[in-house]
Amino acid sequence: MPTPARVAVVPKEKGLLSIVEVVLPDPLPHEVVIKQFSSGVCHSQLHQIHNPRETPVVLGHESTGVVIAKGSHVSHVKEGDSVMVTWVPRNKADNPQPTRPATLKLPDGTTAVSQNVFTWADKTIADEQYVVRIPDDTAKDVTSVIACAVITGAGAVLYTAGVKKGESVAVFGVGGGGTLRNCRSEGGGRRPDYRRGSG
């Protein structure tokens, strides 16, 4: 059954972000429809809003929600499951099915595109690879940042900086809180030292 939704859309031409009422289609075999509780706001969306584009764009790539419908081939989640939506495929190496970025038919007949997913909406539809099951008792109001900010912070600490247990780390300009938390865990439990800049 198609699902009514309210979605933030950036127009093709330079202009204001608008909230558009749309109808999400029934999910294809490898898609999931999610009612969202919270969505992160990332600097990436500023690039999408301010950069030139060839089509309307739907925004957001991290959220927490609950599954309200799923395609016939989706087996890792079911209706009623708590989930996160992320821009990173959850199991790409073991899944031969190519992922599909979400697109959305708008009331004016145009099609809005996404960078894999869109989460600035009350409901979204996404390829199953971008939907991750989480425990039902997970906080729904603050955990959306795990789907981008925390995993990006963890990647920066573990792979880019290569922080080892017991090392000291200086972090300048922290977003999402993920980087400091990961420095603490990788740095042998040392407490982060928060300092304000003098400028």
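The values are calculated or read from the model by the stated rules, or taken from the named source; none is laboratory data. Here the structure is a predicted model, which means the values were calculated and not measured. Note that we place each Cβ from the backbone using ideal geometry, even for glycine, and neighbour counts take in every protein chain shown.
Results, tabulated for the structure shown:
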| quantity | calculated |
| --- | --- |
| Residue selected from the stretch 36-95 under the condition basic (Lys, Arg) and exposed (fewer than 13 other Cβ atoms within 10 Å of the Cβ), by the criterion modelled with the lowest pLDDT | LYS92 |
| Residue within the stretch 120-130 that is in a loop (DSSP other than H, G, I, E, B) and modelled with pLDDT of 95 or more present | yes |
| Test: residue in the stretch 91-99 that is in a strand (DSSP E or B), among the hydrophobic types (A, V, I, L, M, F, W, C) and outside the structural domain of ALA154 (by TED's automatic domain parsing) | no |
| Only listed residue being among the polar types (S, T, N, Q) and surrounded by 22 or more Cβ atoms within 10 Å (Cβ to Cβ), chosen from THR103, THR111, THR124, THR138 | THR124 |
| Set THR55, THR124, THR86, THR64: member being over 20 Å from THR143 (Cα atoms) and in the same structural domain as VAL10 (by TED's automatic domain parsing) | THR55 |
| Filtered residue count, the stretch 100-119, keeping only those that are assigned to a loop (DSSP other than H, G, I, E, B) and under 14 Å from SER39 (Cα atoms) | 2 |
| Total residues in the stretch 36-70, condition farther than 23 Å from ILE146 by Cβ and not in a helix (DSSP H, G or I) | 8 |
| Residue match in the stretch 1-16 (condition: within 26 Å of ASP141 (Cβ to Cβ), charged (D, E, K, R), more than 19 Å from the chain's Cα centre (by Cα) and assigned by TED's automatic domain parsing to the domain that holds ALA121) | no |
